[in-house]
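Student: Below are the structure tokens for one structure; questions will follow.
The values are calculated or read from the model by the stated rules, or taken from the named source; none is laboratory data. In this text the structure is predicted, and so the values were computed from the model without any measurement. Note: ideal-geometry Cβ built from the backbone for every residue, glycine included; neighbour counts use all protein chains shown.
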Amino acid sequence: MPAPASKQKAANDTASAASPAYREAPYNLEAEQAALGAILVNNESLNRIGDFLRPEHFYEPVHRRIFEAIERFTDRGLIATPVTLKSLFDSDAGLTELGGAAYLAKLAGLGGSILDIRSHASIVYSLAISRSLITIGTDMVTEAYESGGEKRASEQIERAEHRLFTLASEGSSDTNFHGLRGSVQRAIESADAARHRKVSGISTGFHGLDNILGGLQNSDLIILAARPSMGKTALALNLAFNAAKVLQKEHSEQLAQNADNADFPKEAPAVGFVSLEMSSEQLSTRMLAMVTALDASNIRRGKLAREDFSRLLQGQAQLHTLPVFIDDTPAQTIAAVRTRARRLKRKHNLSLLVVDYLQLLRGVSDQSQQNRVQEISEITMGLKAIAKELNIPVLALSQLSRQVENRENKRPQLSDLRESGSIEQDADVVMFIYREAYYLERTMPATPDQNSASYDIDMKIWEEWVVKNGERYEAVKNKTDIIIAKHRNGPVGNVQFVFNGATTQFMDAVPDYQQNSPHNAIEHTPTNTFNAFGVLKKDYEPSPIEL
């Protein structure tokens with residue numbers, strides 16, 4: 001039978017005095033006994049601590065086995081008592097040393113006087129975390145001494161931060177199996193949330209996209225790929241903006257419902273945008289153009305009327321409140337992105353990460369740096385790992401290979417993903433941007449110059465092009481297709497958008513008021529008119545986004 005805590009402490013103090021280098025791992029057997037006893041007296045007590053206390057948190061091995069046995073009994077709908085548990089431990093040598101069945105009866109006797117099991121369980125949990133910290137710290141010191149320069153310091157920091165983040169977020173530095181009961185319950189809760197909110201994930205702000213994807217789902221790696229100048233960054237910014245707006249609105253509603261809860265977070269969940277291609281100022285300019293419906297190039301060049309500048313300041317005030325964080329550090333490694341994402345998750349509850357774009361990331365292993373295909377594989381696996389570890393959707397942009405340009409039909413395919421099949425393999429969702437007008441514009445001849453000696457010939461070429469392609473170009477010049485080519489957990493399909501290149505706005509091809517959807521972040525009015533192709537007429541000007 002374990003000695004009382006006071007005697008244990010005295011023995012520990014004596015040992016420490018005799019050997020200053022010896023330090024015993026922290027534990028409290030009395031707290032463990034009290035927690036187990038309270039559960040044996042009333043199995044319902046397990047529901048009050050089961051959300052954080054697990055068998056591995058007990059220091060005494062026998063206590064771990066007793067806790068596991070109680071969980072098995074309650075999962076099967078049985079009552080766990082010293083009598084019902086006795087048969088399980090008849091041959092348990094560890095329990096026999098402590099007194100056998102009499103020890104189980106003693107635990108139940110201790111539990112009868114416990115009024116607050118959570119306080120005792122919290123002590124057990126806290127000491128288990130302390131022991132895990134000691135293990136991690138010891139491993140860090142040992143690895144640093146024994147590496148001999150073979151392992152980069154950045155790799156050691158990455159592994160240490162990974163273990164610390166896991167410990168902070170889950171209470172354990174190890175990944176464990178999860179019971180089906182908890183997983184099924186979470187699936188039911190997700191379905192119920194989707195029934196009320198129309199989407200189970202984070203709304204994209206676009207009705208058509210939400211219909212297929214159900215929003216951006218936690219732990220998913222979503223690849224958005226296209227050829228250059230198709231609008232990848234513009235669409236990613238639209239998605240990030242819409243997601244931030246939705247998260248902010250939902251948080252405001254939850255905050256109002258939890259006004260009396262001092263522990264409820266006051267800050268809305270964040271959206272992180274890792275830009276390896278554009279600076280934060282350039283991205284901010286594009287977002288201002290989206291919000292104000294002003295021409296982005298005019299904003300950059302300062303060609304603004306007085307009323308335009310007033311709208312710009314209003315847009316600034318609106319964007320200032322959004323929980324969007326931009327990291328424009330160039331040439332980052334996948335390890336650095338993971339580290340910064342963990343930090344943003346810890347400080348600001350990161351709920352969506354956007355990476356623009358994955359081919360500009362660098363791997364960290366020696367093998368990947370010598371082989372581009374292996375490097376891309378390491379990057380995509382790293383992005384998927386971030387999505388699962390932080391339980392957030394990760395939207396990564398990707399370039400397509402040039403083989404698209406060599407085909408007559410230039411609609412992208414999964415085989416066009418550049419440099420590695422691992423992008424298709426690791427992604428949960430693969431989306432392509434396709435604008436037919438992009439290719440028609442590249443066959444369009446220059447407008448004939450009346451002062452040119454070859455004006456007549458140029459004019460004939462121009463007229464032939466107009467006759468052949470003009471009507472088709474007018475029909476598709478603002479039209480964009482988002483092709484969902486892979487969807488691990490749902491259907492694939494095609495969603496039509498209207499893209500305003502000047503303001504970098506994407507909009508549903510069918511206006512929001514016709515779709516009856518609350519999701520579209522861009523306001524449409526009934527006066528908006530569309531032609532038969534679902535394209536906005538020339539006199540249409542989108543109204544500024546209202547937050």
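Student: When you scan region 289-297, do you find a residue that is free of Cβ contacts under 8 Å to residues at least 60 places away in the same chain and surrounded by fewer than 17 Cβ atoms within 10 Å (Cβ to Cβ), even just one? Explain how you work it out, then say what you get.
Tutor: First pass over region 289-297, keeping only residues free of Cβ contacts under 8 Å to residues at least 60 places away in the same chain: none.
No, every residue in region 289-297 fails to be free of Cβ contacts under 8 Å to residues at least 60 places away in the same chain and surrounded by fewer than 17 Cβ atoms within 10 Å (Cβ to Cβ).
Student: Still on this structure, please answer the following. Starting from residues that are over 23 Å from the mean Cα position of the chain (by Cα) and under 21 Å from residue 389 (Cα atoms), keep the ones in region 141-172 and report whichever is modelled with the highest pLDDT.
Tutor: Quick first cut of region 141-172, residues over 23 Å from the mean Cα position of the chain (by Cα) only: 141-154, 156.
When the remaining residues are screened for being under 21 Å from residue 389 (Cα atoms), the result is 154, 156.
Values: 154: 69, 156: 78.
Applying the filter and picking the extreme gives 156.
Student: Ok, one more. What pairs can you find where one residue is in region 225-250 and touching a residue at least 40 places away in the same chain (Cβ under 8 Å) and within 13 Å of residue 501 (Cα to Cα), the other is among the hydroxyl-bearing types (Ser, Thr, Tyr) and buried (at least 24 other Cβ atoms within 10 Å of the Cβ), and their Cβ atoms are less than 7 Å apart, with a gap of 6+ or different chains?
Tutor: Between residues of region 225-250 that are touching a residue at least 40 places away in the same chain (Cβ under 8 Å) and within 13 Å of residue 501 (Cα to Cα) and residues that are among the hydroxyl-bearing types (Ser, Thr, Tyr) and buried (at least 24 other Cβ atoms within 10 Å of the Cβ), the close pairs are 231/480.
Student: Against the conditions (1) among the hydroxyl-bearing types (Ser, Thr, Tyr); (2) in a helix (DSSP H, G or I); (3) free of Cβ contacts under 8 Å to residues at least 60 places away in the same chain, where does residue 45 fall short? Just the number, please.
Tutor: Here residue 45 meets the rest and fails (3).
Student: Also, I was wondering about something else. Could you please let me know if residue 127 is at pLDDT 75 or above, farther than 27 Å from residue 86 by Cβ and not assigned by TED's automatic domain parsing to the domain that holds residue 349?
Tutor: Judged against the criteria, residue 127 is a match.
Student: Inside region 375-394, can you point out the residues that are touching a residue at least 24 places away in the same chain (Cβ under 8 Å) and more than 8 Å from the chain's Cα centre (by Cα)?
Tutor: Initially, region 375-394 is screened for residues touching a residue at least 24 places away in the same chain (Cβ under 8 Å), giving 376-394.
376, 377, 378, 379, 380, 381, 382, 383, 384, 385, 389, listed by residue number.
Student: While we're looking at this one, here's another question. If the Cβ limit is 7 Å and pairs must be 6+ apart or interchain, which residue in region 78-105 that is farther than 18 Å from residue 42 by Cα pairs with which residue that is surrounded by fewer than 14 Cβ atoms within 10 Å (Cβ to Cβ)?
Tutor: Every condition considered, the pairs that remain are 94/61; 98/1; 99/1.
Student: Applying the selection to region 43-73, what residues are loosely packed, with under 15 Cβ neighbours inside 10 Å and more than 35 Å from the chain's Cα centre (by Cα)?
Tutor: Once the filter is applied, which keeps residues that are loosely packed, with under 15 Cβ neighbours inside 10 Å and more than 35 Å from the chain's Cα centre (by Cα), region 43-73 yields only 61.
Student: Among the listed residues 268, 236, 256, identify the single one that is of a type in the set (Gly, Ala, Ser), more than 22 Å from the chain's Cα centre (by Cα) and surrounded by fewer than 24 Cβ atoms within 10 Å (Cβ to Cβ).
Tutor: So the residue among 268, 236, 256 that is of a type in the set (Gly, Ala, Ser), more than 22 Å from the chain's Cα centre (by Cα) and surrounded by fewer than 24 Cβ atoms within 10 Å (Cβ to Cβ) is 256.
Student: In addition: It is to be established whether one or more residues within region 467-488 are of a type in the set (Gly, Ala, Ser), modelled with pLDDT of 80 or more and in contact with a helix residue (DSSP H, G or I) (Cβ under 9 Å, 6 or more places away or on another chain). So that I can check it myself, show each step before the final result.
Tutor: Within region 467-488, the first condition is being of a type in the set (Gly, Ala, Ser), and the residues that meet it are 470, 475, 485.
Then drop every residue that is not modelled with pLDDT of 80 or more, which leaves 485.
After this cut, where a residue has to be in contact with a helix residue (DSSP H, G or I) (Cβ under 9 Å, 6 or more places away or on another chain) as well, the list is 485.
Looking through region 467-488, at least one residue is of a type in the set (Gly, Ala, Ser), modelled with pLDDT of 80 or more and in contact with a helix residue (DSSP H, G or I) (Cβ under 9 Å, 6 or more places away or on another chain).
Student: Restricting the search to region 411-450, which residues are basic (Lys, Arg) and at pLDDT 80 or above? Even if it seems obvious, please write down each step before you answer.
Tutor: From region 411-450, those basic (Lys, Arg) are 411, 418, 435, 442; that's our starting set.
Within region 411-450, 411, 435 meet the criteria.
Student: If residue 447 meets every condition in (1) exposed (fewer than 12 other Cβ atoms within 10 Å of the Cβ); (2) at positive phi apart from one, which number is that one?
Tutor: (2)
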